[in-house]
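Enquirer: Questions regarding the structure given below will be posed in turn.
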Amino acid sequence: MHWWFPGDGNAYSTLGGKIDDLFYLILVIVSVTFVGTSAALGYALWRGAAIKADEKVWFSHGSHSLEVIWTIVPSAVLLFIALYQLDVWAEYRMKGFAKEKDGSPKIITVVAEVTARQFEWRIRYPANGKPLKPTPQPDDIYSVNELHVPTGGLVSITLRTDDVQHAFFVPMLRVKQDAVPGKMIPVWFDATMPGNYEMLCAELCGWGHYKMKAMLVAQSADDFEAWKDKASAEQFDDGYRKPAE
Amino acid sequence: MSTLNPTIDHADHADHGGHGHDHAHKQSFISQYVFSTDHKMIGKQFLITTLLMMMVGGGLALAVRWQLARPWERMPIFGDTVFGADGGQISPDAYTMLFTMHATVMIFLVIIPVLAGAFGNFLIPLQIGADDMAFPTLNMLSYWFMWPAIFLFGASFFMYGGGPAAGWTSYPLLSLLREAAPGSGDAQTLWLLGLTFVGVSSMMGSVNYMTTIINMRAPGMTLFRMPLTIWSMFITAILQAFALPVLTAAGFMMVADRLLGTCFFVPSGIVVNNAPPTVGGGQTLLWQHLFWFYSHPAVYIMLLPAMGMVSDMLACMCRKPVFGYKPMVYSMAAIAGLGFIVWGHHMFISGMNPALGMTFMVSTIMIALPSAIKTFNWIGTIWGGRVQFNTVMLYCIAFVSMFIIGGLSGIFMAAVPVDIYIHDTYFIVAHFHYVIFGATLFGVFGAIQFWFPKMYGRMMNETVGKIHFVLTFIGFNCTFYPMHMLGIAGMPRRYADPYHFPYLEHLLPLNQFMTASAFLMGMAQFLLLGNFFYSMYFGPKCGRNPWGANGLEWTAPSPPGHGNFDVLPIVYHGPYEYGSPVSGDKDFLMQTEYVPLAQRVAAEEHH
Ligand code: HEM
Ligand SMILES: [Cu+2]
Ligand SMILES: [Cu+2]
């Protein structure tokens, strides 16, 4: 049985790798704490069961130095956990707004606008070579429940919802973001390997919440462009063919 | 001496010196058992109501578990009657209603009222040496305000479209716009009104508890001689008083949005289910902020009283003082204080300003500190004690160890980056069941067994109690521990059928195992009910102080009459002087027991 992270257990995004590292770090700290406290509890109980009839209990109202120790040590550990990971969060949610080291504004390509609705995902891409505009353009390309993104480097999507709240969730990439009515939320991530990654909704949105099944298709930049050309051609095909000469 | 020590033999004929209460004054059945203003009766009313509600909430949970183990199959027993129109299977629609109402019942009709309503009411006057609450009529109303809530929640199922279906968190717009879900019609309005009644009930309780604890303590009962139960009830009452108005206001805002067309939470231009676009200028996130501003402190409202009661029981069952009494008080106060600045940890990925996420993360992680301090002090309390392995103690041990797990899993979620992944997965479900069920409810089970003799003058059955403990403990861990695994595997919560996603398919057998454990655990609760009601009439009678405990409540008769004490108690010690060298040949020293100076000095020198 395989009861761990989905798929082969690896995250297929840079951020996902960092999240997993943090998870394992916390897992180690937490496991040590759990074993330690449980052992102390178990030992205290075992001694408490074995105490002899003529033996006195340890009549103590507490110990100042112990209190100090077990206040300072956990707070140091907790503060370490808190501060250590601020950076990952900053990387994921904040630096995208900021500037590059040399002061130039950071540029992340917005590949698509993802609109959640009860109970499907509608995706709008700009035509090859054009930037995504906030409003639909005549040459935009559309797909439903299939989000194509290029691999190699950060990409960004604009997340919106047509109706109630939803959440964009790609477990293999460890990406999640709520889609909030009335807001357009930029979400950036990368896919380190081409492949198909399952995509679903993580915020209760009605009876069909469980069936917002979709696929994130990560392709090399070339394949991505080729796919867009093909999708565009299919979309704008009016069925007219030149008669054979 | 008899006036100084009312506990032992003299107490029963303590009607000398004008102290005699009018035990005989007759009350009608209605004013004694129904509209009673006696805090003990109100406490028992709360207790029995919440125990019955627990069975209702448990039934809803088992239906949810059925769907997760046998998706879309005809539900046994109830399927054909309840879901007849759907061929006896739970429709996805019904599934959302089931988990919504499961959480609503468990949180608002079981955990919150069983702690503050049942034990708060029963214990506060008895433990501080008062004859009743400060405002007995208000107290009665606080119980009777539960019933409109129960009625409204129940009636919501019969509205057109079915029960409320937007989760216990009721995030708009799903909960707000009628078109968004069948359950968001009148059912949601009733739900909001029900919530308001629960809120008013809690508020009346909280005002009463604060006043009573501040004003009505017996002579000698200084703040730092109060049992930790009282401290926890006091802090909880303050939390309630500050947090609840926010939820109540939010509830009214949502009702106004629904009925009067205000737009607190409705942005413009939203098209739900092909209805005309909304007009508005509101913010859905506002609801989340208001809701969690109450509901995070509320999770401590659901925990602190249990922490206090467990401290009391642990000291008694280990026959030694609570370790670090003052640190225990300070850490409860710290939890309450910090509890007001961590609500954003429920909203890390909600689209609020990400910089806020960082501050909420630091405060959230730091709130684990007082929890850790308390845990260490409980272990310190057990350390070197004479442990009585009875049912009460078993529940207290379960409380501590389950709280360790629940607290530690909180750290994963408090870490914002990790929460990106595990938010809204079963990991969260695992976490809060460990703290609310594993800790609080086990604490409550212990408290029932412990204070039952005081409530009814009879003991509960130990053997049945232990069987109930073992079954519940095993059932609990087998049901909820694997939820951590589900969460790590990426299974989202609130899914009627996760298995049609290929990456979740393999989780079905694990879920079936969990459902089987949940049924075992559910059935075990009948043992508790049976034990409770049987012992009420047939349990062995007990004296005033069956556990050899120190608190003032144990100086009163079991059950205490109207007015509680036959002699006004005077307090000379803190509540945890177990195994004290000055207590003579007993291993406890009641708070009312005066030890002459000479004896104290002698004991001191002896050491
Ligand atoms: C040790 C300290 C604790 C920490 C660090 C902690 C942390 C958290 C965090 C970060 C979340 C949000 C997770 C998410 O939705 O992504 C959460 C959820 C929750 N916690 Fe805790 N928690 C702690 C203790 C408790 C206690 C003592 C209780 C209750 C008695 C509790 C009850 C809950 C509940 C009910 C939820 C989920 C609400 C929902 O989404 O339906 N927690 N906790
Ligand atoms: Cu959804
Ligand atoms: Cu919280």
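Values in this text are rule-based calculations from the coordinates and carry no lab data. As the structure is a computational prediction, the values presented were derived from the model and not from experiment. Heads up, the Cβs are rebuilt from the backbone with ideal geometry, glycines too, and the neighbour counts pull from every protein chain shown.
Enquirer: Once the Cα atoms of segment B:437-522 are picked out, what are the Rg and Dmax in Å?
Expert: Final numbers for Rg and Dmax: 17.4, 58 Å.
Enquirer: Against the empirical 2.2 N^0.38 Å scaling, what ratio does the C-alpha Rg of chain B come to? Walk me through the numbers before you get to the answer.
Expert: Values: Rg = 25.0 Å, N = 607, 2.2 N^0.38 = 25.1 Å.
Cα-based Rg divided by the globular estimate yields 0.99.
Enquirer: Above 17 angstrom, tally the Cα pairs of segment A:109-235 and express them as a % of all pairs, no decimals. Let's see the in-between values first.
Expert: On the way: 4264 of 8001 pairs.
For segment A:109-235, the fraction of Cα-Cα distances above 17 Å is 53 percent.
Enquirer: GNM on chain A, C-alpha springs below 10 Å: top fluctuator among A:158, A:33, A:109?
Expert: Greatest mean-square fluctuation among the candidates belongs to A:33.
Enquirer: Where in chain A are the DSSP H helices whose C-alpha atoms run 24 Å or more along the long axis and whose mean Kyte hydropathy is at least 1.0?
Expert: Details: long enough: A:14-50 (54 Å, 1.16); A:64-84 (30 Å, 1.66).
TM-like helix candidates: A:14-50, A:64-84.
Enquirer: Give the calculated FRET efficiency between residue A:64 and residue B:249 to the nearest 0.05, with a Förster radius of 35 Å applied to their Cβ-Cβ distance.
Expert: Numbers: r = 44 Å, r/R0 = 1.25.
My answer for the efficiency is 0.20.
Enquirer: Evaluate Rg over Rh across chain A, taking Cα atoms for both radii and Kirkwood's formula for Rh.
Expert: Numbers: Rg = 26.3 Å, Rh = 22.1 Å.
Over the Cα atoms of chain A, Rg/Rh equals 1.19.
Enquirer: Taking a temperature of 37 °C and a viscosity of 0.692 mPa s, what whole-number D in µm²/s does Stokes-Einstein yield for segment A:14-93 with Rh from Kirkwood over alpha carbon pairs?
Expert: Working: Rh = 16.0 Å.
Reported coefficient: 205 µm²/s.
Enquirer: In chain B, which helices (entire DSSP H runs) extend 27 Å or more along their own long axis, judged by Cα positions, while averaging at least 0.5 on the Kyte-Doolittle scale? Let's see the in-between values first.
Expert: Values: long enough: B:39-69 (44 Å, 0.95); B:186-215 (44 Å, 0.82); B:228-259 (45 Å, 1.52); B:354-382 (43 Å, 1.18); B:391-414 (34 Å, 2.06); B:462-488 (39 Å, 0.87); B:508-538 (45 Å, 1.01).
Helices passing the filter in chain B: B:39-69, B:186-215, B:228-259, B:354-382, B:391-414, B:462-488, B:508-538.
Enquirer: In vacuum, with every alpha carbon of the protein assembly as shown counted as one equal point scatterer, what does the Debye formula give for log10 I(q)/I(0) at q = 0.06 Å⁻¹? Two decimals, please.
Expert: Here the Debye-derived log intensity ratios amount to -0.43.
Enquirer: Hey, with R₀ at 25 Å, roughly what FRET efficiency would residue A:146 and residue A:192 work out to, going by the Cβ-Cβ distance, to 0.05?
Expert: Numbers: r = 20 Å, r/R0 = 0.79.
Calculated transfer efficiency: 0.80.
Enquirer: Separate question: Given A:231, B:273, B:523, which one lies farthest toward the positive end of the charge dipole of the protein assembly as shown, if we put +1 on the Cβ of every Lys and Arg and -1 on the Cβ of every Asp and Glu?
Expert: Positive-most Cα among the choices belongs to B:523.
Enquirer: In whole Å, what is the distance between the alpha-carbon centres of segment B:368-435 and segment B:125-169?
Expert: 28 Å
Enquirer: Could you work out how far apart the two model spin labels at residue B:519 and residue B:78 are, taking each label as a point 7 Å from the Cα in the direction of the beta carbon, and quote it in nm?
Expert: It works out to 1.4 nm between the two label points.
Enquirer: As a check on your grasp of the helix formula, calculate [θ] at 222 nm for the protein assembly as shown: sum -39500 (n - 2.57) over DSSP H runs of n ≥ 4, divide by the residue count, round to the nearest 500. Before the final figure, lay out each step's value.
Expert: Numbers: 23 runs with 414 residues, N = 852.
Taken over the protein assembly as shown, the calculation gives -16500 deg cm²/dmol.
Enquirer: From the Cα trace of segment B:364-507, what convex hull volume per residue do you get, rounded to a whole Å³? Could the numbers behind the result be given before it?
Expert: Details: hull volume 19.3 nm³, N = 144.
Roughly 134 Å³ of hull volume per residue.
Enquirer: Now a separate question. In the P(r) worked out for segment B:142-271, what percent of Cα pairs fall beyond 26 Å? Kindly include the intermediate steps, with their values, before the conclusion.
Expert: Numbers: 3106 of 8385 pairs.
More than 26 Å apart: 37 percent of the Cα pairs in segment B:142-271.
Enquirer: Then there is this: If the cut-off is a Cα-Cα distance under 17 Å, which lysines reach residue A:130, setting aside same-chain residues fewer than 8 apart in sequence?
Expert: Counting by Cα, and skipping residues close in sequence, residue A:130 has these lysines nearby: A:228, A:230.
Enquirer: Between their Cα atoms, which of A:213/A:242; A:183/A:211; B:541/B:586 are more than 32 Å away from each other?
Expert: Details: A:213/A:242 39 Å; A:183/A:211 23 Å; B:541/B:586 22 Å.
Those over the limit are A:213/A:242.
Enquirer: Roughly what would the spin-label model give for residue A:184 and residue B:262, points 7 Å off Cα along C-beta, in nm?
Expert: Distance between the two pseudo-spin positions: 3.1 nm.
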